[in-house]
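Below is one structure, written out as structure tokens; comments come after it.
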Amino acid sequence: MAFIERINSKGIENISAEPVRIDKAGQGQKTGYAVIIDRISQDIPFYRTWLKNAALTGAAVINNPFWWSADDKFFNNCLMTQVGVPVPKTAILPSYELPADTTDQSFSNLAYPLDWEGIFNYVGFPAYMKPYAGGGWKSVYRLASKEDFFEKHKETEKLVMLLQEEIVFEEYYRCYCIGRKHVHIMPYEPRNPHSQRYQADFSPGPEKKKQMEDIVLRINNYLGYDFNTVELALRDGIPYAIDFGNPAPDAERSSVGEENFEWVVETAANYAIETAMNHKEGQLNVNWGEFVKRSAEGYSLT
């Protein structure tokens, strides 16, 4: 509501904001909105597919619901290895339990057992295990050894997990990125209790800040996200992108603090207004990232 109130307080002619209201959803029908900011479809599949129709019929949906439905944390890491962004060593793991409606024969292409020693030697321990999709620190494990891995992997049931190198960092930052051009870098201490994670006693110098801004912009330009957060862990001065697929990032005042809340509300409001003013009736207005655009045009990634 703070975002809606901020837009309306600016008194710009022909620009107004309101909560989206859906009372019916017919195929190919326009929504009546020029711009839609999506903060909920990650939890509600009905909204996700409704937003695809909204984009198809001309709304500028932030973030692009087609891309958000297609990517995952493992692919995003793979992409970063191709465009020069440092990321932790990461392997993807099949689910511990068989997915619904499958049998052992469904996995006849999968070696059994997997080359666990090769995977463990590549990633190393301690390591983190987390779902390849999703967020909110759900089902995240810190593992001390392969014995610890095998014990904890049982608990993940049908989830597809990542096993990821632990980056023992000197500094850690959470960075908002809006419009693929506005970056706000926040010192962050993920080892603190949730309510105290923005209470960190480090800050980047001008050169390091510029380096991190460049990495954040590169990530979001290649992925195509217009509202995202990127978490960077600095080890030996090198910023590693730890988590950067958060297109409905936490922005609660009580969580991020007043200064960060003010930045995200004002910047998001201004970007939404800019997007509405650039809206072209009768055209597609959804954005795509460099990966998709270069793939469609047959260009290399770099």
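The values are calculated or read from the model by the stated rules, or taken from the named source; none is laboratory data. Predicted, not measured: the structure shown is a model, and the values here were computed from it. Here Cβ is always computed from backbone atoms with ideal geometry, including for glycine, and neighbour counts include all displayed protein chains. These accessible areas exclude ligands, DNA and RNA; they are computed on the full protein's heavy atoms, side chains included. Shrake-Rupley method; radii C 1.70, N 1.55, O 1.52, S 1.80 Å.
Taken as a whole, the structure places Arg294 among residues that are of a type in the set (D, E, K, R) and under 21 Å from the mean Cα position of the chain (by Cα). Specify the residue that is surrounded by the fewest Cβ atoms within 10 Å (Cβ to Cβ); the eligible residues are those in the range 167-193 that are in contact (Cβ under 8 Å) with a residue 12 or more places away in the chain and charged (D, E, K, R). Applying the filter and picking the extreme gives Glu170. Using the structure shown, decide if Trp288 is within 27 Å of Glu5 (Cα to Cα) and either open to solvent by 50 Å² or more (accessible area, probe 1.4 Å) or among the basic types (Lys, Arg) (or both). So Trp288 does not fit the description; no.
Exactly one residue out of Tyr188, Tyr128, Tyr141, Tyr173 is within 16 Å of the chain's Cα centre (by Cα), of a type in the set (Phe, Trp, Tyr) and at pLDDT 95 or above: that is Tyr173. Scanning the range 16-44 for residues that are of a type in the set (Val, Ile, Thr) and closer than 17 Å to Ala251 by Cβ yields Ile36, Ile37, Ile40. Here the helices (runs of 4 or more DSSP H) wholly within the range 230-298 that include at least 3 residues being among the acidic types (Asp, Glu) and within 15 Å of His182 (Cα to Cα) are 258-277.
Condition check ((1) in contact with an Asp or Glu (Cβ under 7 Å, 6 or more places away or on another chain); (2) modelled with pLDDT under 95; (3) crowded, with 19+ Cβ neighbours inside 10 Å; (4) over 15 Å from Asn77 (Cα atoms)) across all residues:
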{"residue": "Ser195", "(1), (2), (3), (4)": "no, yes, no, yes"}
{"residue": "Pro206", "(1), (2), (3), (4)": "no, no, no, yes"}
{"residue": "Asp236", "(1), (2), (3), (4)": "no, no, no, yes"}
{"residue": "Gly245", "(1), (2), (3), (4)": "yes, yes, yes, no"}
{"residue": "Glu262", "(1), (2), (3), (4)": "no, no, no, yes"}
{"residue": "Ala268", "(1), (2), (3), (4)": "no, no, yes, yes"}
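In the range 20-54, how many residues are without any contact (Cβ under 8 Å) to a residue 24 or more places away in the chain and touching a helix residue (DSSP H, G or I) at 6+ places or on another chain (Cβ under 7 Å)? Summing the residues that are without any contact (Cβ under 8 Å) to a residue 24 or more places away in the chain and touching a helix residue (DSSP H, G or I) at 6+ places or on another chain (Cβ under 7 Å) in the range 20-54 gives 3. Scanning the range 11-55 for residues that are open to solvent by 40 Å² or more (accessible area, probe 1.4 Å), among the acidic types (Asp, Glu) and under 19 Å from Ala70 (Cβ atoms) yields a single hit, Asp43. When you scan the range 213-224, do you find a residue that is among the aromatic types (Phe, Trp, Tyr), in contact (Cβ under 8 Å) with a residue 60 or more places away in the chain, assigned to a loop (DSSP other than H, G, I, E, B) and under 24 Å from Phe75 (Cα atoms), even just one? For the range 213-224, residues among the aromatic types (Phe, Trp, Tyr), in contact (Cβ under 8 Å) with a residue 60 or more places away in the chain, assigned to a loop (DSSP other than H, G, I, E, B) and under 24 Å from Phe75 (Cα atoms): absent. Counting the residues of the range 248-260 that are under 29 Å from Cys78 (Cα atoms) and either out of contact with any Asp or Glu (no Cβ under 8 Å at 6 or more places or on another chain) or open to solvent by less than 10 Å² (accessible area, probe 1.4 Å) (or both) gives 3.
The set of residues in the range 154-163 that are open to solvent by less than 10 Å² (accessible area, probe 1.4 Å) and either of a type outside the set (A, V, I, L, M, F, W, C) or at pLDDT below 95 (or both) contains only Thr156. Residue pairs whose Cβ atoms lie under 6 Å apart, separated by 6 or more positions or on different chains, with the first residue in the range 74-95 and more than 16 Å from Val230 (Cα to Cα) and the second polar (S, T, N, Q) and modelled with pLDDT of 95 or more, are Thr90/Asn77; Thr90/Gln164. Asp71 passes every criterion in (1) over 30 Å from Glu166 (Cα atoms); (2) surrounded by 15 or more Cβ atoms within 10 Å (Cβ to Cβ); (3) of a type in the set (D, E, K, R) apart from (1).
Does Ser41 count as small (Gly, Ala, Ser) and in contact with a Phe, Trp or Tyr (Cβ under 7 Å, 6 or more places away or on another chain)? In short, yes. Which one is farthest from the chain's Cα centre (by Cα) among residues in the range 84-98 that are among the aliphatic types (A, V, I, L, M) and open to solvent by 10 Å² or more (accessible area, probe 1.4 Å)? It comes out as Leu98. For the range 109-126, check the following and say yes or no: at least one residue is at positive phi and open to solvent by 50 Å² or more (accessible area, probe 1.4 Å). No - not one qualifying residue is present in the range 109-126.
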